[in-house]
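The values are calculated or read from the model by the stated rules, or taken from the named source; none is laboratory data. Given the structure is predicted, the values throughout are model-derived calculations rather than measurements. Cβ placement follows ideal geometry from the backbone for every residue including glycine, while neighbour counts extend to all protein chains displayed. Only protein heavy atoms, including side chains, enter the accessible area calculation; ligands, DNA and RNA are left aside. Shrake-Rupley method; radii C 1.70, N 1.55, O 1.52, S 1.80 Å.
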Amino acid sequence: MSKQAIEQVQHCTTMTDVRRCVDALDDLLVPLLVQRSGYMTQAARIKQEENQVRDEARIQTIADRVRAQALAEGGEPAVIEAIYRSMMEVCISFEHREFARLRQGETA
């Protein structure tokens, strides 16, 4: 059985150690977030109406899913949910911009 993510946190004795570990994780997270945002462009292309960009049911599904995953990994579900809700709001704003950009020049 694999370890929970929380068990993989290294013991740090200095802030330099903490920052080195956080930077290493950011090096993994940023490319994944770039990929995730690429799917927002695809969603903006696929959705037919701008009012489809914000999907409250999907937001709740994601929040529930990441809370459960955080709990399973030994983390704080409320912290992970808050991070995801913030990220989803930024992604929704980006998707609205992409929706408009992709339809520039189209006639109604």
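I'd like to know if the stretch 45-56 contains one or more residues that are under 18 Å from Ala82 (Cα atoms) and open to solvent by 90 Å² or more (accessible area, probe 1.4 Å).
Checking the stretch 45-56: at least one residue is under 18 Å from Ala82 (Cα atoms) and open to solvent by 90 Å² or more (accessible area, probe 1.4 Å).
Would you tally the residues in the stretch 59-103 being closer than 27 Å to Lys3 by Cα and exposed (fewer than 12 other Cβ atoms within 10 Å of the Cβ)? Before you say what the answer is, go through the steps one by one.
Step one: of the stretch 59-103, the residues closer than 27 Å to Lys3 by Cα are 61-85, 87.
Right, trim to exposed (fewer than 12 other Cβ atoms within 10 Å of the Cβ) and you get 61, 72, 78-79.
Total meeting the criteria: 4.
Checking the structure you have, find out if any residue of the stretch 101-108 is within 20 Å of Gln35 (Cβ to Cβ) and in contact with an Asp or Glu (Cβ under 9 Å, 6 or more places away or on another chain). Let's see the steps before the verdict.
Of all residues in the stretch 101-108, those within 20 Å of Gln35 (Cβ to Cβ) come to 101-102.
So of that shortlist, the ones also in contact with an Asp or Glu (Cβ under 9 Å, 6 or more places away or on another chain) come out as none.
No, there is no match, as no residue in the stretch 101-108 is within 20 Å of Gln35 (Cβ to Cβ) and in contact with an Asp or Glu (Cβ under 9 Å, 6 or more places away or on another chain).
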